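Undergrad: First the structure, then my questions, so here it is.
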Amino acid sequence: MGSNVLDHLADHVHAALKAAFTELISANPGQNFYAFAVFTDDSLHFIHPAANTEEALTATVQRYRETVDPNYGSTSTRTGMRWSYGDWGHFANFGEEHFAAINEALIENIDGPDEDFEARIDSLWAAVLSGFQRLEKDGFFGSWPERSRITFLLVGDLNGELVNSWVSALNPPDVADRFINWDADAPDDSGENG
């Protein structure tokens, strides 16, 4: 089963992301999503969907200000925590069933012959990116100006250059630039789009 999934990985990733994000959006009416992501590691050992909303970001900052900041003499901000994916309201905790076959195939890939790993993984990265890009091509998240409020990205313990290249490939230039040029120490945003 694994090789069939990997042979059509872009199709499987597209279908899984679309199903997971559709369910997430439906389960959270009235929430203002600003980020949808693929969470993985540098060996592409797994894929999980992740997302965050302005409301979840506000709640996270509030929780940090009440329980974490006093212990460290810090002040958490929405701007500073905007891309802290591990604290997102929807971090790898939804849509798992849509990724089961993909993750099984990715694990089989890791267990394959070491000498072929680099060639295999490069094509898999390209397929995952292609599957994610199809959501944009489908207009799944709307068109401008709605789409300009949402950033698609890759998250995990990953090389910053890889993350930025995906952000550039997945988003309109203004959205990509906003992420790439993000300054965690900038003054706190005052609303939904900071």
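The values are calculated or read from the model by the stated rules, or taken from the named source; none is laboratory data. Everything numeric in this text was worked out from a predicted model, so none of it was measured. Because the Cβ atoms are built from the backbone with ideal geometry, glycine has one as well, and the counts that use them run over all protein chains shown.
Undergrad: For the list (1) over 27 Å from VAL175 (Cβ atoms); (2) at pLDDT 95 or above; (3) small (Gly, Ala, Ser), I need the number of the one condition that GLY112 fails.
TA: In the conditions (1) over 27 Å from VAL175 (Cβ atoms); (2) at pLDDT 95 or above; (3) small (Gly, Ala, Ser), GLY112 misses (2) alone.
Undergrad: Identify, from the list ASP138, ASP122, the residue that is touching a residue at least 12 places away in the same chain (Cβ under 8 Å) and among the charged types (D, E, K, R).
TA: Within the list ASP138, ASP122, the selection yields ASP138.
Undergrad: Here's something else I'd like to know. Do the conditions hold for ASN103, that is, is it among the polar types (S, T, N, Q) and surrounded by 20 or more Cβ atoms within 10 Å (Cβ to Cβ)?
TA: For ASN103, the condition - among the polar types (S, T, N, Q) and surrounded by 20 or more Cβ atoms within 10 Å (Cβ to Cβ) - is not met.
Undergrad: Next question. Just need a number here: residues in segment 115-152 that are aliphatic (A, V, I, L, M), within 22 Å of SER43 (Cβ to Cβ) and in contact with a Phe, Trp or Tyr (Cβ under 7 Å, 6 or more places away or on another chain).
TA: Counting residues in segment 115-152 that are aliphatic (A, V, I, L, M), within 22 Å of SER43 (Cβ to Cβ) and in contact with a Phe, Trp or Tyr (Cβ under 7 Å, 6 or more places away or on another chain) gives 1.
Undergrad: Checking ALA127 against (1) free of Cβ contacts under 8 Å to residues at least 40 places away in the same chain; (2) of a type in the set (A, V, I, L, M); (3) touching a helix residue (DSSP H, G or I) at 6+ places or on another chain (Cβ under 6 Å), only one condition comes out false. Which one?
TA: If we test ALA127 against (1) free of Cβ contacts under 8 Å to residues at least 40 places away in the same chain; (2) of a type in the set (A, V, I, L, M); (3) touching a helix residue (DSSP H, G or I) at 6+ places or on another chain (Cβ under 6 Å), just (1) comes out false.
Undergrad: Right, here's the next one. Mind listing whichever residues of segment 147-175 are part of a helix (DSSP H, G or I) and in contact with a strand residue (DSSP E or B) (Cβ under 8 Å, 6 or more places away or on another chain)?
TA: Those that are part of a helix (DSSP H, G or I) and in contact with a strand residue (DSSP E or B) (Cβ under 8 Å, 6 or more places away or on another chain): ARG149, LEU162, VAL163, TRP166, VAL167, LEU170, VAL175.
Undergrad: Do we have any residue at all in segment 64-85 that's within 14 Å of the chain's Cα centre (by Cα) and not aromatic (Phe, Trp, Tyr)?
TA: yes
Undergrad: Could you grab me the full set of residues in segment 126-143 that are in a helix (DSSP H, G or I) and surrounded by fewer than 16 Cβ atoms within 10 Å (Cβ to Cβ)?
TA: Residues satisfying the conditions are ALA126, LYS137, ASP138.
Undergrad: Another question about this same structure. Among SER148, SER123, SER168, which is surrounded by fewer than 18 Cβ atoms within 10 Å (Cβ to Cβ), closer than 19 Å to THR53 by Cβ and among the hydroxyl-bearing types (Ser, Thr, Tyr)?
TA: SER148
Undergrad: Right, something else. Filter segment 113-168 down to residues that are over 23 Å from PHE91 (Cβ atoms) and among the aromatic types (Phe, Trp, Tyr), then give me how many there are.
TA: Total meeting the criteria: 2.
Undergrad: Check segment 104-119 and report whether any residue there is within 30 Å of PRO145 (Cβ to Cβ) and either touching a Ser or Thr at 6+ places or on another chain (Cβ under 8 Å) or among the polar types (S, T, N, Q) (or both).
TA: no
Undergrad: ALA186 - would you say it is out of contact with any Leu (no Cβ under 9 Å at 6 or more places or on another chain), loosely packed, with under 10 Cβ neighbours inside 10 Å and not polar (S, T, N, Q)?
TA: Values: out of contact with any Leu (no Cβ under 9 Å at 6 or more places or on another chain): yes; loosely packed, with under 10 Cβ neighbours inside 10 Å: no; not polar (S, T, N, Q): yes.
In short, no.
Undergrad: Of all the helices (runs of 4 or more DSSP H) wholly in segment 3-115, which have at least 1 residues that are within 18 Å of ARG134 (Cβ to Cβ) and in contact (Cβ under 8 Å) with a residue 60 or more places away in the chain? Full working, then the answer.
TA: Working: elements: 9-27, 54-67, 69-72, 78-81, 96-110.
It comes to 9-27, 96-110.
Undergrad: On the given criteria, is PRO29 modelled with pLDDT of 95 or more and surrounded by fewer than 17 Cβ atoms within 10 Å (Cβ to Cβ)?
TA: Answer is yes for this residue.
Undergrad: Still on this structure: If you go through segment 66-85 one residue at a time, how many are more than 12 Å from ASP185 (Cα to Cα) and not small (Gly, Ala, Ser)?
TA: Residues flagged as more than 12 Å from ASP185 (Cα to Cα) and not small (Gly, Ala, Ser) within segment 66-85 amount to 9.
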